[in-house]
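Worksheet for the structure shown next.
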Amino acid sequence: MLIKKDIEIIEPHPAIYISSINSILIADLHLGYEGIMAEQGVFLPKIQFKKEMEALEDIISKKDAERIILLGDVKHEFSETSYHEFKEVKDLFIFLKERFKEVDLIKGNHDNYIFYVTSKYGVNLHDELEIGDYFLIHGHKYPSKRIERFLILGHEHPAIAIYDEIGVKEKIKCFLAGENILVMPAFSYLASGSEVNIIPRGELLSPILRDIKIDNLEVLAISEEIGCLSFGKLKNLRI
């Protein structure tokens, strides 16, 4: 599905391809999540890295891009990289460097100490990135200057809550698209997402989204089951 003339959703994944810069973009992988949860006494099957790598393989088979740009939060833990995260982040970077001419990471709020790994494996690290017609940030803080390009961000993990006729709720990841902005869903297999059609604007994670009329953004749901499906404006999905 095309979001604008050169931005295409790579169905059925929470990823986009931008033809004008020949780049694939994903956000919020949160690698090492299961290991960190296990340290806190919550045991989850270690499936996220495998699932994300399978999705990346499929994405790469569909789009022959020169560059991949990660919009922050590659790892999950705030502190120094744990063993669980280090191995998965290392394996991810090796995998990407073998398949792309350029690998860029925009630092997210979970990416403390990530430069130790990016510098070792040749990944370009940025606080924000201007490329072509686009201004790319993670989204946890305001950009450093006035934006005059199309803004793409992650961080929020947008999803919508849908209820059936007997009140059973299903949560579906989604893109939020506007005239000059695109919010990416989390690439993380385990990140359930923020239910943007339920959460009041003042409680959104990103300060950028709290400052705009988010209800006017178009909701583009994405899942392995349905692919990509437009649900119209967010304001029409408010519960």
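The values are calculated or read from the model by the stated rules, or taken from the named source; none is laboratory data. In this text, all values refer to a predicted model and were calculated from it rather than measured experimentally. Using ideal geometry, Cβ is built from the backbone for each residue, glycine included, and neighbour counts are taken over all protein chains shown.
Things to note:
- Within the stretch 64-83, if we keep just the residues that are under 16 Å from the mean Cα position of the chain (by Cα) and at pLDDT below 95, the residue that is farthest from residue 17 (Cα to Cα) turns out to be 76.
- Only one of 192, 119, 144 that is in a helix (DSSP H, G or I) and either at pLDDT below 95 or under 28 Å from residue 93 (Cα atoms) (or both): 119
- Filter result for residue 61 (of a type outside the set (Asp, Glu), within 15 Å of residue 110 (Cβ to Cβ) and either loosely packed, with under 14 Cβ neighbours inside 10 Å or at pLDDT below 90 (or both)): no
- The stretch 51-70, residues that are part of a loop (DSSP other than H, G, I, E, B) and in contact with a strand residue (DSSP E or B) (Cβ under 8 Å, 6 or more places away or on another chain): 63, 65, 66
- From the options 214, 131, residue that is under 19 Å from residue 18 (Cβ atoms), modelled with pLDDT of 95 or more, among the hydrophobic types (A, V, I, L, M, F, W, C) and touching a helix residue (DSSP H, G or I) at 6+ places or on another chain (Cβ under 6 Å): 131
Residue by residue, here is whether (1) of a type in the set (Ser, Thr, Tyr); (2) surrounded by 14 or more Cβ atoms within 10 Å (Cβ to Cβ); (3) within 16 Å of the chain's Cα centre (by Cα); (4) farther than 15 Å from residue 161 by Cβ holds:
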position: 179; (1), (2), (3), (4): no, no, no, yes
position: 182; (1), (2), (3), (4): no, yes, yes, yes
position: 189; (1), (2), (3), (4): yes, yes, yes, yes
position: 205; (1), (2), (3), (4): no, yes, yes, yes
position: 213; (1), (2), (3), (4): no, no, no, yes
position: 216; (1), (2), (3), (4): no, no, no, yes
position: 239; (1), (2), (3), (4): no, no, no, no
